[in-house]
Amino acid sequence: MHHTEYIESLLNDEKISVFDSGKSIVYHDPCELGRGSNIYDQPRNILRKLGELRKTEFDKENSLCCGGSLSNSVI
């Protein structure tokens, strides 16, 4: 379980709470989390509780990736 999945469950179960800052938030999908683990919604669901989540043209599967993943390193 990724920590965003856990935090989302704590929020949904009202075991923790956050406040809406009213600020705009832009989120970049990490390569390994999104493409590698198919986790896209949980981070967004958390961020929506913190402010206004703004969409970009590079959301989810269209996220820009640097290609420098540690798991793909050549030794």
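Here the residues Ile7, Ile16, ranked from fewest to most Cβ neighbours within 10 Å of their Cβ, fall in the order Ile16, Ile7. In order along the range 44-56, the phi-based Karplus estimate (6.51 cos²θ - 1.76 cosθ + 1.60, θ = phi - 60°) of 3J(HN,Hα) comes to 5, 4, 5, 5, 4, 7, 9, x, 8, 7, 8, 7, 10 Hz; Gly and Pro are listed as x. Under a 5 Å amide H cut-off, with hydrogens placed 1.01 Å from N, Asp59 pairs with nothing among residues at least 5 apart or on other chains. Look at the dipole of the chain built from charges on Cβ: of Gln42, Leu10, Phe58, the Cα furthest out on the positive end belongs to Phe58. This model, with +1 at the C-beta of Lys and Arg and -1 at the C-beta of Asp and Glu, gives the chain a dipole about its Cα centre of some 180 debye.
Among Ser37, Ser63, sorting on how many other beta-carbon atoms sit within 10 Å of each Cβ, with the fewest leading, yields Ser37, Ser63.
For the chain, the 222 nm mean residue ellipticity estimated from helices alone, with every DSSP H stretch of n ≥ 4 adding -39500 (n - 2.57) and the total spread over all residues, rounds to -8000 deg cm²/dmol. Exposure proxy shown here: for Asp59, Asp20, the number of other Cβ atoms within 10 Å sets the order, fewest to most, as Asp20, Asp59. To the nearest ten degrees, helix 3-12 and the longest principal axis of the Cα atoms of the chain are 20 degrees apart.
Net charge of the neighbourhood of Gly22, taken over other residues with C-beta under 15 Å away and scored Lys/Arg +1, Asp/Glu -1, is +2.
Exposed loop chymotrypsin sites (Phe, Trp or Tyr not before Pro) only (DSSP loop, at most 13 other Cβ atoms within 10 Å): please give the longest stretch of the chain free of them, not including the sites. With chymotrypsin sites (Phe, Trp or Tyr not before Pro) excluded where exposed in loops, the chain gives 20-57 as its longest stretch.
Laboratory data are not the source of any read-out in this text; all were calculated from the coordinates shown. Since the model is a prediction, treat every value here as computed from it, not as a measurement. Every residue, glycine among them, receives a Cβ derived from its backbone with ideal geometry; neighbour counts consider all protein chains shown.
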